[in-house]
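The next block holds one structure in the form of structure tokens; read it before the comments.
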Amino acid sequence: MIKIGVLDLQGDISEHLEMTRKTIMKMNLEAEVLKVKTAKEVAECQGIIISGGESTVIGRLIQENGIDHAIKSNNISVLGTCAGMVLLSEQTDYDQPLLGLIPMKVKRNGFGRQKASFEAELNLKIMNNHYPGVFIRAPYAFQLGSKATPIGKIHDKIIAVAHENYLATSFHPELTEDTRIHEYFIKEVLNCVE
Ligand code: GLN
């Protein structure tokens, strides 16, 4: 049975857990969704989700626990939201440990102080209708490598990126009622549905 882990180091883990379970049920899929904390637990999953939170803290814990190695050596698919997007990038405007799995740079808190938190109707390449984006001190991506695909923008700021078996969003899909990002991750990125 497919296993999807929500990385339980810091951040809004329970919302992702709930959202992923809801998505699995909606898709009528046999899958186990669990919290994971150690490299061993991560290595047993086909996909993991890195939540929003403080990317500096999560990144340090990922490194200290050897989770970076577990993800890379087992080719585990990753959905990274907000701080998770920061961690998937190769470079940010801070000095912090990163996974560097998506060739892109990221600007942390990229929407400035006034817009620390906001909601926006998004046009995402992977969906037909608008998607309700929830942004909280969100990053944006820029300077994508040629093989990474930008899947959404606000003006010139890239707010969602797909690359190989990795998906990053600036926004928080787990804080909406809309399961489409999790569905996309499971169906297209994790590739576990016929
Ligand atoms: N600004 C945070 C960071 O870069 C991310 C905020 C969030 O995940 N809501 O770590």
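The values are calculated or read from the model by the stated rules, or taken from the named source; none is laboratory data. The structure presented is a predicted model; accordingly, all values stated were derived computationally and were not measured. Ideal geometry is used to build each Cβ from the backbone, glycine not excepted, and the neighbour counts take in all protein chains shown. When the accessible area is computed, the model is the full protein with side chains, heavy atoms only, and any ligands, DNA or RNA have been set aside. Shrake-Rupley method; radii C 1.70, N 1.55, O 1.52, S 1.80 Å.
Consider Met19 carefully, then state whether it is assigned to a helix (DSSP H, G or I), open to solvent by 70 Å² or more (accessible area, probe 1.4 Å) and of a type in the set (A, V, I, L, M).
It is false that Met19 is assigned to a helix (DSSP H, G or I), open to solvent by 70 Å² or more (accessible area, probe 1.4 Å) and of a type in the set (A, V, I, L, M).
Looking at the range 126-137, which of the residues that are in contact with a Leu (Cβ under 6 Å, 6 or more places away or on another chain) and under 17 Å from Gly84 (Cα atoms) is farthest from the ligand (Cβ to nearest atom)?
Here the residue is Gly133.
Which pairs turn up if I take residues in the range 4-27 that are more than 16 Å from the ligand (Cβ to nearest atom) and look for partners that are among the small types (Gly, Ala, Ser) with beta carbon separation below 8 Å, at least 6 apart in sequence or on another chain?
Ile4/Ala31; Ile4/Gly47; Gly5/Gly47; Ile24/Ala31
Please give the strands (runs of 3 or more DSSP E) falling wholly within the range 111-193 in which 2 or more residues are open to solvent by less than 30 Å² (accessible area, probe 1.4 Å).
117-122, 131-136, 149-154, 157-163, 166-169
Go through the range 110-125 and give me each residue that's within 13 Å of the ligand (Cβ to nearest atom) and under 19 Å from Glu174 (Cα atoms).
Ala116, Ser117, Phe118, listed by residue number.
Do any helices (runs of 4 or more DSSP H) entirely within the range 49-109 hold 2 or more residues that are more than 10 Å from the ligand (Cβ to nearest atom) and buried (at least 18 other Cβ atoms within 10 Å of the Cβ), and if so, which?
Qualifying helices (runs of 4 or more DSSP H): 67-73.
List every residue pair whose Cβ atoms lie under 8 Å apart, where the two residues are 6 or more positions apart in sequence or sit on different chains, the first residue falls within the range 120-132 and is hydroxyl-bearing (Ser, Thr, Tyr), and the second residue, located anywhere, is surrounded by 13 or more Cβ atoms within 10 Å (Cβ to Cβ) and part of a strand (DSSP E or B).
Going by the 8 Å Cβ cut-off, the qualifying pairs are Tyr131/Leu122; Tyr131/Gly152.
Please name all residue pairs, on different chains or six or more residues apart, with Cβ atoms under 8 Å, provided the first residue is in the range 69-85 and is on the phi < 0 side of the Ramachandran plot and of a type in the set (A, V, I, L, M, F, W, C) and the second residue is part of a helix (DSSP H, G or I) and near the ligand (Cβ under 8 Å from one of its atoms).
Val78/Gly84; Ala83/Ser55; Ala83/Ile58
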